[in-house]
């Protein structure tokens with residue numbers, strides 16, 4: 001099964017509102033925007049036809065009366081319970097961008113394992129806690145991750161919108177400059193380190209990672225036939241060694257390890273509800 005067509009088709013479907021570019025409707029606001037796509041794609045992207053689950057989660061925390069917000073956690077939990085982080089590896093447009101950027105010839109740098117925990121800081125601090133507790137006089141918080149950090153939002157909306165709507169250019173200020181700088185830094189990092197944003201900073205990936213060891217879809221590793229040649233590590237976009245834990249929280253189930261394992265020691269399966277993981281995971285990341 002080829003993964004790249006899934007990624008491309010998903011990206012095109014998620015960002016298919018070409019009509020708006022010609023009709024003068026910069027942001028699609030139709031009924032589909034009441035539904036969250038289970039991947040990282042900005043609500044305000046001129047081409048986007050679905051809502052972003054991270055934006056919706058912040059809306060819940062901030063107290064916004066926005067109907068789609070109540071679906072966000074349920075959608076993410078349902079996807080995570082079935083496939084874990086597989087959505088990151090198969091349908092996420094921002095993940096696809098990172099994979100293409102990494103193909104650019106350049107020196108390649110590993111990512112320190114400790115940085116893998118940073119995404120949980122973004123999730124719990126900027127997506128959940130700050131919008132809930134740092135509020136204005138009306139008791140409403142702000143979507144802090146979207147407003148101050150999100151590089152996907154800057155790339156997909158922050159840059160295109162002022163180009164399509166010149167009246168917005170006068171509102172750009174210091175926060176915009178900071179967000180563009182963050183985007184540039186991440187883009188450069190993505191060239192030299194595989195899926196740098198996914199591994200260190202993506203709050204959506206942090207949510208899905210909580211389900212990896214419990215999801216119905218799981219990875220299996222045969223300790224008897226494995227020769228620990230590290231081919232899985234060389235192929236893995238998340239920098240994982242399968243023999244340290246086939247269902248590590250950072251695994252995006254891209255199946256590159258399985259496809260390149262010389263001994264066929266890696267497989268995937270559909271876990272029974274009452275069954276534990278085929279191999280206990282020792283790798284927390």
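Take the conditions at pLDDT 95 or above, surrounded by fewer than 20 Cβ atoms within 10 Å (Cβ to Cβ), under 24 Å from residue 200 (Cα atoms) and over 15 Å from the mean Cα position of the chain (by Cα) and apply them to residue 8. Does it pass?
On the way: at pLDDT 95 or above: yes; surrounded by fewer than 20 Cβ atoms within 10 Å (Cβ to Cβ): yes; under 24 Å from residue 200 (Cα atoms): yes; over 15 Å from the mean Cα position of the chain (by Cα): yes.
For residue 8, the condition - at pLDDT 95 or above, surrounded by fewer than 20 Cβ atoms within 10 Å (Cβ to Cβ), under 24 Å from residue 200 (Cα atoms) and over 15 Å from the mean Cα position of the chain (by Cα) - is met.
Please verify whether residue 254 is within 23 Å of residue 78 (Cβ to Cβ) and not assigned by TED's automatic domain parsing to the domain that holds residue 81, treating the condition exactly as stated. Working first, answer last.
Details: within 23 Å of residue 78 (Cβ to Cβ): yes; not assigned by TED's automatic domain parsing to the domain that holds residue 81: yes.
Spelling it out, residue 254 is indeed within 23 Å of residue 78 (Cβ to Cβ) and not assigned by TED's automatic domain parsing to the domain that holds residue 81.
Which helices (runs of 4 or more DSSP H) sit wholly inside segment 23-132 and have at least 3 residues that are at pLDDT 90 or above, over 13 Å from the mean Cα position of the chain (by Cα) and under 21 Å from residue 207 (Cβ atoms)? Full working, then the answer.
Working: elements: 53-62, 69-83, 86-90, 93-102, 118-121.
In segment 23-132, 69-83 are the helices (runs of 4 or more DSSP H) which contain 3 or more residues that are at pLDDT 90 or above, over 13 Å from the mean Cα position of the chain (by Cα) and under 21 Å from residue 207 (Cβ atoms).
Got a sec? Which of 236, 202 is within 26 Å of residue 158 (Cα to Cα) and crowded, with 21+ Cβ neighbours inside 10 Å?
On the way: 236 fails: within 26 Å of residue 158 (Cα to Cα).
Every option except 202 fails the conditions.
Go through 157, 174 for me and flag whichever is crowded, with 20+ Cβ neighbours inside 10 Å, out of contact with any helix residue (DSSP H, G or I) (no Cβ under 9 Å at 6 or more places or on another chain) and either under 19 Å from residue 186 (Cα atoms) or not assigned by TED's automatic domain parsing to the domain that holds residue 11 (or both).
Numbers: 174 fails: crowded, with 20+ Cβ neighbours inside 10 Å.
From the options 157, 174, the qualifying one is 157.
The values are calculated or read from the model by the stated rules, or taken from the named source; none is laboratory data. Treat the numbers as computed from the prediction; the structure is a model and nothing was measured. Cβ sites come from the backbone with ideal geometry, for glycine too, and all protein chains shown count toward neighbours.
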